[in-house]
1. Residue 172: surrounded by fewer than 20 Cβ atoms within 10 Å (Cβ to Cβ), over 30 Å from residue 202 (Cβ atoms) and either in contact with a strand residue (DSSP E or B) (Cβ under 8 Å, 6 or more places away or on another chain) or modelled with pLDDT under 95 (or both), yes or no?
2. How many residues, within segment 178-191, are assigned to a loop (DSSP other than H, G, I, E, B) and more than 22 Å from residue 226 (Cβ to Cβ)?
3. Looking at segment 91-105, can you tell me whether even one residue there is in contact with a strand residue (DSSP E or B) (Cβ under 9 Å, 6 or more places away or on another chain), in a loop (DSSP other than H, G, I, E, B) and within 14 Å of residue 170 (Cβ to Cβ)?
4. Which one of these does residue 131 not meet: (1) touching a residue at least 60 places away in the same chain (Cβ under 8 Å); (2) under 26 Å from residue 256 (Cα atoms); (3) surrounded by fewer than 15 Cβ atoms within 10 Å (Cβ to Cβ); (4) touching a helix residue (DSSP H, G or I) at 6+ places or on another chain (Cβ under 9 Å)?
5. Taking the options 225, 239, name whichever one is under 21 Å from residue 29 (Cα atoms) and within 15 Å of the chain's Cα centre (by Cα).
């Protein structure tokens, strides 16, 4: 399948590719993110109490993110009108993951293998997560008030990134998580959250892309392809349903299922 515009990043070309990203951030400050991770293997025994299920949902995310290892993360760059850099516009970072020692859900690993993810290569050429965290912080991509983050149903995506970037387990409470998230990622727009205001739109990213008549580049369930498609979906929805203006007071920082 075509991977046009999507660059694979491994431990041996990490610094080189991040240097390129540093050169384009100012011109292309809209960054769509997606991750691939080894499923959900833990569900807290205690059910939620009170009026909102959000704290309980957060505990599911927290328990799994603190226990499991990230497999892929991708960043896709564009400007405020979805113009993309010439050539490469999406970087797919492949992290070190060993199916012989790391925990996972078998169904999730089978899906990712079916999507073309090479777990043998991840074990030998994958990027150390601490090294990636340090490089991302130095790059200026995170902790940057000028970057607009786009994602789809993004609770797990940002939770994995926060744990990696902070170097610590996730905060124990949902409120502390939201506060930390706003520091590392000040401007987040979750496309799944936008869909709640669009009566005719529902379902997952693939179904949304079909409804908006968008063309996918690269295989589904690889982070680079999903990040790129998420950006295209955001701008298509913004144009068709929001008259090209998404209200930050209503949508900024609102993550589907966790806010």
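1. no
2. So the count comes out to 1.
3. no
4. (2)
5. Every option except 225 fails the conditions.
Yes/no matrix, rows are residues, columns are (1) in a loop (DSSP other than H, G, I, E, B); (2) surrounded by 22 or more Cβ atoms within 10 Å (Cβ to Cβ); (3) touching a helix residue (DSSP H, G or I) at 6+ places or on another chain (Cβ under 7 Å); (4) modelled with pLDDT of 95 or more:
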site: 149; (1), (2), (3), (4): no, yes, no, yes
site: 153; (1), (2), (3), (4): yes, no, yes, yes
site: 164; (1), (2), (3), (4): no, no, yes, yes
site: 168; (1), (2), (3), (4): yes, no, no, yes
site: 176; (1), (2), (3), (4): no, no, no, yes
site: 193; (1), (2), (3), (4): no, yes, yes, yes
site: 210; (1), (2), (3), (4): no, no, no, yes
site: 221; (1), (2), (3), (4): yes, no, yes, no
site: 243; (1), (2), (3), (4): yes, no, no, yes
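The values are calculated or read from the model by the stated rules, or taken from the named source; none is laboratory data. On a predicted model such as this, the values are computed, not experimentally measured, just so you know. Virtual Cβ from ideal backbone geometry, glycine too; neighbours counted across all protein chains shown.
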